[in-house]
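Below is one structure, written out as structure tokens; comments come after it.
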Amino acid sequence: MGGGGFKKGKHELTRMNANNTKAPDLAVTVAGIRMKNPVMLASGTCGYGPEYADLIDLNALGAIAVKGILSIPWEGNPAPRLVETPGGLLNAIGLQNPGMEKFIAEYMPFLRRHKTPVIVNIWGRSMEEYGEVAARFDDVEGIAALELNISCPNIKAGGIEFGTDPNIAGELIRLVRKRTRLPLIPKLSPMLHSIAQFARIAEESGADAISLINSVPSMVIDIESRRPVLSNGVGGLTGPAIRPIAVRLVWQAAKAVKIPVIGMGGIACGRDALEFLIAGARAVAVGTATFLDPGTALRVVEEIEAYVKRQGHASVNEIVGTLQF
């Protein structure tokens, strides 16, 4: 990346750019996870890894956050479950997933063959079920962290109800914290009175990092039938339309806590990702843009590297939280 190759040293390979000067260090650490660069694939849009394996080099990513896992197989919502809007995509998939046992048996062997950290997004229909899923993953080899989905807007059981009440959110995070040794990363909703308050509650309750934002509850109506287009009625809006909202919330959350923040929402290029990093995110996740171009995340890595070099920084960490305000 960055037009570079490798120069063999005594103990390591050092990346060099076309001008034979050392390339910027893109490595970051989030929730104790060492990532080779700050760019992840976001949960929900990258499936479980194999879906993109023939399209991109998974080993070139900072991390992969797999689609949400429940204790049992879950079919999700009936179709139609997707509808495009100007600048975005509404989805009401409803957290369809194979269940934790099938995921462990069929997908983890594939994911373990890669060097990229795996973050498993988990959810439950009750607090106890969250704890059950977290405990099951505790000793599974190859899992770097758990992302707690407490903010999904298109699932009637659980989901966003756990993530919009500060007392319930704190109780849930504390419960899961007791059931696993893995790093915990609650995923926060944009539909909060105070994102700073929720971020602090997550930190105080045992979170090792936070990720935000989840999709924005939205609706599209078929004017001929006068009915919602989505079978669920409401879906989650993602894509470029929500990026300015996400950047603001990441900035507010990052100011409120000491734990790392992972920013996401409408990232389609390096410039988009850099907004989040400058706002205070330690890492970013690319989601909906991968549907248009599966290589988006790797292009974002290259564009971040070019910017860091052009700005004269030795490390991407030097630009994190540098917003002048």
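The values are calculated or read from the model by the stated rules, or taken from the named source; none is laboratory data. Everything numeric here is computed off the predicted structure, so don't read it as measured data. Here the Cβ positions follow ideal geometry from the backbone for every residue, glycine too, while neighbour counts run over all protein chains shown.
Tabulated values for the structure
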{"read-out": "Tally, over region 205-216, of residues that are among the hydroxyl-bearing types (Ser, Thr, Tyr) and touching a residue at least 40 places away in the same chain (Cβ under 8 Å)", "value": "2"}
{"read-out": "Arg200 being over 16 Å from Trp123 (Cβ atoms), loosely packed, with under 15 Cβ neighbours inside 10 Å and not small (Gly, Ala, Ser)", "value": "no"}
{"read-out": "Residues satisfying the stated conditions in region 280-325, i.e. of a type in the set (Phe, Trp, Tyr) and surrounded by fewer than 16 Cβ atoms within 10 Å (Cβ to Cβ)", "value": "Phe291, Phe325"}
{"read-out": "Tally, over region 1-24, of residues that are at pLDDT below 95, surrounded by 12 or more Cβ atoms within 10 Å (Cβ to Cβ) and in contact with a Gly (Cβ under 9 Å, 6 or more places away or on another chain)", "value": "4"}
{"read-out": "Conditions (1) touching an Asp or Glu at 6+ places or on another chain (Cβ under 9 Å); (2) over 29 Å from Val28 (Cα atoms): number failed by Ala65", "value": "(2)"}
{"read-out": "Any hit, region 25-38, residues being under 23 Å from Ile262 (Cβ atoms), surrounded by 20 or more Cβ atoms within 10 Å (Cβ to Cβ), over 17 Å from the mean Cα position of the chain (by Cα) and modelled with pLDDT of 90 or more", "value": "yes"}
{"read-out": "Cross-chain or 6+ apart pairs with Cβ under 9 Å, region 40-62 first and at positive phi, then in a helix (DSSP H, G or I) and of a type in the set (A, V, I, L, M, F, W, C)", "value": "Gly49/Leu58; Gly49/Phe110; Gly49/Leu111"}
{"read-out": "Hits in region 59-72 - residues which are more than 20 Å from Phe276 (Cβ to Cβ) and either out of contact with any helix residue (DSSP H, G or I) (no Cβ under 7 Å at 6 or more places or on another chain) or part of a loop (DSSP other than H, G, I, E, B) (or both)", "value": "Asn59, Val66, Lys67, Gly68, Leu70, Ser71, Ile72"}
{"read-out": "Top-ranked residue of region 76-134 - restricted to ones that are β-branched (Val, Ile, Thr) and in a loop (DSSP other than H, G, I, E, B), ranked as farthest from Ala289 (Cα to Cα)", "value": "Thr116"}
{"read-out": "Matching residues, region 145-172, being more than 24 Å from Pro244 (Cα to Cα) and modelled with pLDDT of 95 or more", "value": "Ala145, Leu146"}
{"read-out": "Residue among Ala306, Ala289, Ala241, Ala279 that alone is closer than 21 Å to Leu90 by Cα, aliphatic (A, V, I, L, M) and more than 16 Å from the chain's Cα centre (by Cα)", "value": "Ala241"}
{"read-out": "Residue within region 129-141 that is of a type outside the set (A, V, I, L, M), farther than 30 Å from His193 by Cα and modelled with pLDDT under 90 present", "value": "yes"}
{"read-out": "Residue in region 254-266 that is crowded, with 21+ Cβ neighbours inside 10 Å, assigned to a loop (DSSP other than H, G, I, E, B) and either in contact with a Leu (Cβ under 7 Å, 6 or more places away or on another chain) or small (Gly, Ala, Ser) (or both) present", "value": "yes"}
{"read-out": "Output for region 111-130, where each listed residue is buried (at least 20 other Cβ atoms within 10 Å of the Cβ) and either in contact with a His (Cβ under 9 Å, 6 or more places away or on another chain) or of a type outside the set (Val, Ile, Thr) (or both)", "value": "Leu111, Pro117, Asn121, Trp123, Gly124, Tyr130"}
{"read-out": "Some residue of region 238-247 being assigned to a loop (DSSP other than H, G, I, E, B) and surrounded by 18 or more Cβ atoms within 10 Å (Cβ to Cβ)", "value": "yes"}
{"read-out": "Scope region 214-264; condition among the small types (Gly, Ala, Ser) and farther than 22 Å from Asn77 by Cβ; matching residues", "value": "Ala246, Ala253, Ala254, Ala256, Gly263"}
{"read-out": "Subset of region 188-204 (residues that are of a type in the set (A, V, I, L, M) and either part of a helix (DSSP H, G or I) or free of Cβ contacts under 8 Å to residues at least 12 places away in the same chain (or both))", "value": "Ile195, Ala196, Ala199, Ile201, Ala202"}
